[in-house]
Amino acid sequence: MKIVGGVPRKSPSLSGYPKCDEEVAMLADRIAPRLRYFGNSASSEAQEVLVREAKWIWDAGEKDVMKQPHGSRWFKKTFTIDDVSKVQTAFVSITADNAYRLFVNGRCIGDGIDFHDVGSHAMKDEYKQGPLKSGPNVIEVLADNWDNTPNPAGLIAACAIRYWDGHVDTFKTDASWTCTRNRGQYGEQDAVVQEFGPFAMRPWGLRPRGKDLYVSYSALSYLVSYAGLLSDTELRPDFETDGDLRFIHRRLDGQDIYFVGNRLDTPQTAACRFRVGDVKSVEWWDPLNGERTALTDWECADGVVEAKLAFGPGESGFVVFSKALPSEMVGRDHRARRNGQDARCPSVVEGPWKVSFDPAWGGPEGEVEFKRLEDWTKRPEWGIQHYSGIATYRKTVTSKEVPTHISLGDVSNLARVKLNGKDLGSVWCWPWRVAVPGGVWKDGENLLEIEVANLWLNRLIGDASLPPEKRLTRTTVNPYKPTEPLRRSGLFGPVQLERE
């Protein structure tokens, strides 16, 4: 018998509680040696080690936990994996007062800014190899203690590495970790750390998080589709693909509905197989605009529909299967969605652009000419580099052909498009594209306006270098320093007029 998930220790029912939990645990202990378990996650083991064994640590300077000096510390632990291909899952449970960034072999895999929120970060999950490697591995944590006066500071973490053969390796924060003030600075040696106490110690007083009764969906999906859980049955996997996609599936009103998403930030085309039985129609439902279009290039054999689907960066949508013919479905758009990109005839809008920023938020007065579309953070003006807010791009464009869409190419982070004063809508993700309604485009000159809004991080970083009276932002805690890398912002293009 195969069981998906860990060895059950509790009953999902409250009937007869607490005796029901005792009976489940006793039964599991009796039959566990004869079962094969799938989907055990190292996440729960890391949580348990964090609560039971890990210690709050900091550098070995001030002994009073309540009087730690402000500033940053780099904490480090080295561990060895003989063969990374034998690792099933690996997780780190971690928190810090005030903030942390977690690195494994130089790659950042997570962060946090609230010590009450214990983070669970995957070094390897069921889908991705992650940063782990065979041989020596290094965990580094950049922990920050904010405020300008001495106050409590600490880091606590636990790691669990579960192998496919069932055994688990764990380690946690303790006196074996090392600490430095500056990462990789020449001449600075790793120093010892001090232990303050266990997970629940004051002043933090954390409580353990409840344990899940059920296996996670991601583990179940992986096991059923990829780990051979159905290999000794005649049942095909619910969904198969040669691409890097995720899916969920439900049935509603006699239809099979799959929500399929591209996990990558680059386009991909993938062959997809759906176990839905005999169907008469397959449609793509776009969650961004509500359009429903018929897919035409698909085949069904032995109850499995195969179709090749093209996805943009991070794109997702619904693939809907029905036993009714498309003509029987009232109120739906049946334009054939080619199983790839729609045929378009783009015309690129070249520079220069006139761009205006809000001076109240540090932007320059008047319009600035961008000879080409570029990242605000690469501009020479300090006020544009650190600008956070809305900037408006303006350009007069002409075309003999009437466009049906305007594509912005790439944007960080949001945009709204206006044509001749008409609001064409806002975009916040790929394909960064709006439709041009009939009658809006004019013969001759047309005024194209694109409002772009970014995140406020760049202004927070800029304000960190200014005296308080010159800062434009206000926040209880600014975790960013003047040396932080700025986040890409602006309109990157290419802006294109498209005809279909």
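The table below lists the values:
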| read-out | value |
| --- | --- |
| Proximal lysines to Lys280, defined as alpha-carbon separation beneath 20 angstrom and excluding residues fewer than eight positions away on the same chain | Lys308, Lys323 |
| Phi to ³J(HN,Hα) by Karplus 6.51 cos²θ - 1.76 cosθ + 1.60 over region 298-310, Hz, x for Gly, Pro | 8, 9, 10, 8, 6, x, 10, 8, 10, 8, 9, 10, 9 |
| Positive-end residue, region 364-500 charge dipole about Cα centroid, Cβ charges, pick of Thr392, Leu424, Val477 | Val477 |
| Cα coordinate range in region 96-135, projected on the principal axes (Å, largest first) | 32, 20, 13 |
| Neighbour-count ranking [beta-carbon atoms within 10 angstrom, fewest first] of Met66, Met123 | Met66, Met123 |
| Using alpha carbons only: equivalent-ellipsoid semi-axes of region 411-489, gyration tensor based, whole Å | 37, 13, 10 |
| Stokes-Einstein D in µm²/s, Kirkwood radius over Cα pairs - region 347-498 at 4 °C with 1.567 mPa s viscosity | 79 |
| At R0 = 35 Å, FRET efficiency that the Cβ-Cβ distance of Thr483 and Phe318 yields, to 0.05 | 0.20 |
| Relative frequency of Cα-Cα separations exceeding 20 Å in region 45-138, percent | 43 |
| Dipole of region 42-198 [Lys/Arg +1, Asp/Glu -1 at C-beta], most positive-end residue of Asn98, Met66, Gly130 | Gly130 |
| Cα-based reach from Lys133 at 14 Å (exclusive), listing aspartates and glutamates while leaving out same-chain residues under 8 positions away | Asp82, Asp83, Asp125 |
| Segments 94-101, 251-258 sorted - mean Cβ within 10 Å per residue, highest first | 94-101, 251-258 |
| Rel. contact order, % - alpha carbon contacts under 8 angstrom, at least six apart, region 236-328 | 36 |
| Given Lys371/Lys418; Lys124/Lys172; Lys354/Lys481; Lys354/Lys418, the pairs whose alpha carbons are separated by over 26 Å | Lys354/Lys481 |
| Within region 414-473, GluC sites (Glu not before Pro) in DSSP loop having at most 14 other beta-carbon neighbours inside 10 Å | Glu445 |
| Spatially proximal lysines relative to Lys19 (Cα-Cα < 19 Å; intrachain offsets below 8 disregarded) | Lys10, Lys211 |
| Computed label-point distance, nm, for sites Phe259 and Asp244 using a 7 Å Cα→Cβ extension | 2.2 |
| Residue-by-residue Karplus 3J(HN,Hα) for region 146-151, coefficients 6.51, -1.76, 1.60, Hz, glycine and proline x | 7, 6, 9, 10, x, 7 |
| Cβ-derived FRET efficiency at R0 56 Å, Ala28 paired with Leu455, nearest 0.05 | 0.70 |
| Residues Val51, Val319 arranged by fewest to most Cβ contacts within 10 Å | Val51, Val319 |
| Cα point-scatterer Debye curve for region 236-328, base-10 log of I(q)/I(0) at q = 0.14, 0.23 Å⁻¹ | -0.46, -1.29 |
| ³J(HN,Hα), Karplus 6.51/-1.76/1.60, whole Hz, each residue of region 89-105, x for Gly, Pro | 9, 8, 9, 10, 9, 7, 7, 7, 10, 9, 8, 8, 10, 9, 10, 10, 6 |
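Computed from the coordinates by the stated procedures, all read-outs in this text should not be read as laboratory data. Nothing here was measured: the structure is a model prediction, and the numbers come from that model. Every residue, glycine among them, receives a Cβ derived from its backbone with ideal geometry; neighbour counts consider all protein chains shown.
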